[in-house]
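> Supplied in C-alpha cells, the structure appears directly below.
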Amino acid sequence: MTAAAERLWPGVFLVFEGGDGVGKTTQVARVCGLLAEAGHDVVRTYEPGDTAAGRRIRDIVLSPKTGDLAPRAEALLYAADKAQHLAEVVRPALDRGAVVVCDRYVDSMLAYQGAGRMLELSEVESITRWATDDVRADLTVVLDMDPALAVGEKRQQDRVEAAGDGFHARARSFFLDLAARDPDRYLVLDARLSRAEITEKILERLQPMLSATPVEPAGPGVSGAAGTVSS
C-alpha cells in the first residue's frame, strides 16, 4: 500500500530533510509557490521554532551563546518544540485538508540528536514519536550532499552546524539509512542537481497524493504559523 493510500487526514504532509546548507529552504519556497499557484491550501513551516514557544527553544538550541548542552537536554528541547509545533501548526492544517510543507521534522532529531550526538537511537525515536503522536510525513524529501561541500562552506555556523565533521557525517549516513528502509515514503535527491530539476522530481512524486486534496479556484497563497508568505 502506498503512503498516499495510508493517510489518516485529508491533507498532505511533505517534509524536507538533509544536512545543513543543502538547499532545503530554497526547495521549500519553490514547491510552496507552485502548489499555491495551482490552487492548493499550502502551509509552509519549519522546525525548530515556528511557534511562539518554539522560537524560544530555537534560540536555546542553536545560539552559540548557549554554550554546551548535555545531549539528552538538547534532545528533550527539540522534542518539546516538535510537540508544540504538531499541536499548533501541523495537525490543524492537515485536518482541514491543507498541504503542509515542513523544513525538518522527526528525522532531523533522529539523525542529529541520535546518530550525531551518539545517543541511544531507540530511546531518541521513542521520545520523538511520543512528542509527535507518531504523526509521520506522507513524503520525506532528502536532499543529499557531502557535508564538506555544504555546511563546511558556511562562514557563520550555529551550535549544531559547528558540531564537527564526524557529527555531520553520521547524520548524513543516518538520513540515507532511513530513506533506504522505507522507499515508499522517501525521495532521495542529489542536492547538486539544478534547482528546477529537483523541484520537478519532487512535484512528480507528490502528484498522486495531491489528487485527493481540495483545490481552490484561485490560489490562496502560502500561509505559515507566523503569517502569510507570498508565493
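> Can you confirm whether the range 108-121 contains a residue that is within 26 Å of Gln207 (Cβ to Cβ) and not acidic (Asp, Glu)? Let's see the steps before the verdict.
We begin by selecting, within the range 108-121, every residue within 26 Å of Gln207 (Cβ to Cβ); these are 108.
Okay, now just the ones that are also not acidic (Asp, Glu), so 108.
Yes, the range 108-121 has at least one match.
> Also, quick follow-up: What's the number of the only condition in (1) within 24 Å of Leu8 (Cβ to Cβ); (2) in a loop (DSSP other than H, G, I, E, B) that Lys82 fails to meet?
Here Lys82 meets the rest and fails (2).
> Scanning for something among the basic types (Lys, Arg) and open to solvent by less than 10 Å² (accessible area, probe 1.4 Å), does the range 75-96 turn up at least one residue?
Initial filter on the range 75-96 (among the basic types (Lys, Arg)): 82, 91, 96.
This time we only want the ones that are open to solvent by less than 10 Å² (accessible area, probe 1.4 Å), so: 82.
The answer is yes, given that some residue of the range 75-96 is among the basic types (Lys, Arg) and open to solvent by less than 10 Å² (accessible area, probe 1.4 Å).
> Here's something else I'd like to know. Tally time: how many residues in the range 1-17 are surrounded by fewer than 24 Cβ atoms within 10 Å (Cβ to Cβ) and either within 26 Å of Ile198 (Cβ to Cβ) or modelled with pLDDT of 95 or more (or both)?
Here is the first cut: in the range 1-17, the residues surrounded by fewer than 24 Cβ atoms within 10 Å (Cβ to Cβ) are 1-10.
Now restrict to residues that are either within 26 Å of Ile198 (Cβ to Cβ) or modelled with pLDDT of 95 or more (or both): 2-7.
Residues meeting the conditions: 6.
> Name the pairs: first residue in the range 25-46 and without any contact (Cβ under 8 Å) to a residue 60 or more places away in the chain, second residue outside any helix (DSSP H, G or I) and of a type outside the set (Val, Ile, Thr), Cβ to Cβ under 6 Å, at least 6 apart or on different chains?
From residues that are without any contact (Cβ under 8 Å) to a residue 60 or more places away in the chain, the pairs are Tyr46/Asp103.
> Across the range 44-70, what is the number of residues that are in a helix (DSSP H, G or I), modelled with pLDDT of 95 or more and open to solvent by less than 60 Å² (accessible area, probe 1.4 Å)?
Qualifying residue count, the range 44-70: 3.
> Moving to a separate point now. If a residue has to be within 21 Å of Pro147 (Cα to Cα) and under 16 Å from the mean Cα position of the chain (by Cα) to count, how many in the range 183-197 make the cut?
5
The values are calculated or read from the model by the stated rules, or taken from the named source; none is laboratory data. Quick caveat: nothing in here was measured; it's all calculated off a predicted structure. Ideal geometry is used to build each Cβ from the backbone, glycine not excepted, and the neighbour counts take in all protein chains shown. To get the accessible areas, we keep the full protein, side chains included, count just its heavy atoms, and leave off ligands, DNA and RNA. Shrake-Rupley method; radii C 1.70, N 1.55, O 1.52, S 1.80 Å.
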